[in-house]
Each structure stands twice: as C-alpha cells, then as structure tokens.
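The values are calculated or read from the model by the stated rules, or taken from the named source; none is laboratory data. Keep in mind that this is a model prediction, so the values were computed, not measured. Quick reminder, even Gly has a Cβ in these numbers, built from the backbone with ideal geometry, and neighbours come from all protein chains shown.
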Amino acid sequence: MMLKIGVIGITAVFLALLIKKEKSELALLVAVAAATLIFGYVLTRIHGIIEFLGVLAEYLPVEKSFFTALLKMLGITYLADFAASICKEAGYGSIAGQLELFAKISIIALSIPELTSLVRLIEKLLQGGGA
C-alpha cells in the first residue's frame, strides 16, 4: 500500500512541476487532487485503528470517552495538517498558520475533561486514597 501511495505522490509532484511552467493554477489542482486521493487511503486505515482502540478500551479500566477524545484529537491533527499543507502549497501561509492554531486550541479544549480526571486521580493518590 505504501508503494502505491508513494507512486501517487511522486507522480503528482512530477506532473505538477511539468504543468506549473504553463499553468500554475492547474499544478495546484493536481497537487490538491493527489492529496485528496491519499487522504482517502488514510481514511481506510483509520477504520483499523478505531477497531483496535475499541478492543483496547474493553480490556482497560478506562472510560470509553477517553478513547473517543483521543480519536477526535487524532482526526483534528490530521485534518488540520492536511488543510494547512494545501494552504501553504497555494501560497497562503498565514491561513495555514491560523488553521494550525485553531487545531491546537481545539485539542486543548477537547483534553480538558481528561486532564481534570488526571488531576483528580493524582489528588487521590497523594491523599492515600488509592485509585
């Protein structure tokens, strides 16, 4: 699978470089199309990760909401990186920076319940109450 993705990426780069001399806007479209195609392949891999985390959640004495939050954080990270890369490729670095900042803030906001639980657990352990 990685070989196929690598070939798609390299082919798109060479094609975009050839087209860029004549029509730079078409080169950007080639890059976006390749990135979207690769993103589709990524989505097929995510299903296996979700299944694994579901099995892991059954074995560990941890709330399933933690795993849900983890998946959301991974999704935010990947989508933000994907969108920011396209913005950078198009020459809009400031928009890319704002997308990345929003993703970081979103991840922090999403992790507040988990951090609160961690602080409570540490507090119980320090007071000798156990877990």
TODO: Identify, by number, the condition in (1) farther than 20 Å from Gly6 by Cα; (2) assigned by TED's automatic domain parsing to the domain that holds Lys4; (3) of a type outside the set (Phe, Trp, Tyr) that Thr36 doesn't meet.
DONE: (1)
- [ ] Hey, can you tell me all the residues within the stretch 85-131 that are free of Cβ contacts under 8 Å to residues at least 60 places away in the same chain, among the small types (Gly, Ala, Ser) and closer than 30 Å to Phe39 by Cα?
- [x] Ser85, Gly91, Gly93, Ser94, Ala96, Gly97, Ala103, Ser106, Ala109, Ser111
- [ ] Assess whether Glu51 counts as being among the acidic types (Asp, Glu) and in the same structural domain as Gly6 (by TED's automatic domain parsing).
- [x] yes
- [ ] Answer yes or no: is there a residue in the stretch 104-111 that is under 30 Å from Thr11 (Cβ atoms), surrounded by 12 or more Cβ atoms within 10 Å (Cβ to Cβ) and either of a type outside the set (Ser, Thr, Tyr) or not assigned by TED's automatic domain parsing to the domain that holds Gly6 (or both).
- [x] no
- [ ] Return a yes/no flag: does the stretch 49-58 have any residue that is buried (at least 16 other Cβ atoms within 10 Å of the Cβ) and either basic (Lys, Arg) or more than 24 Å from Ser24 (Cα to Cα) (or both).
- [x] yes
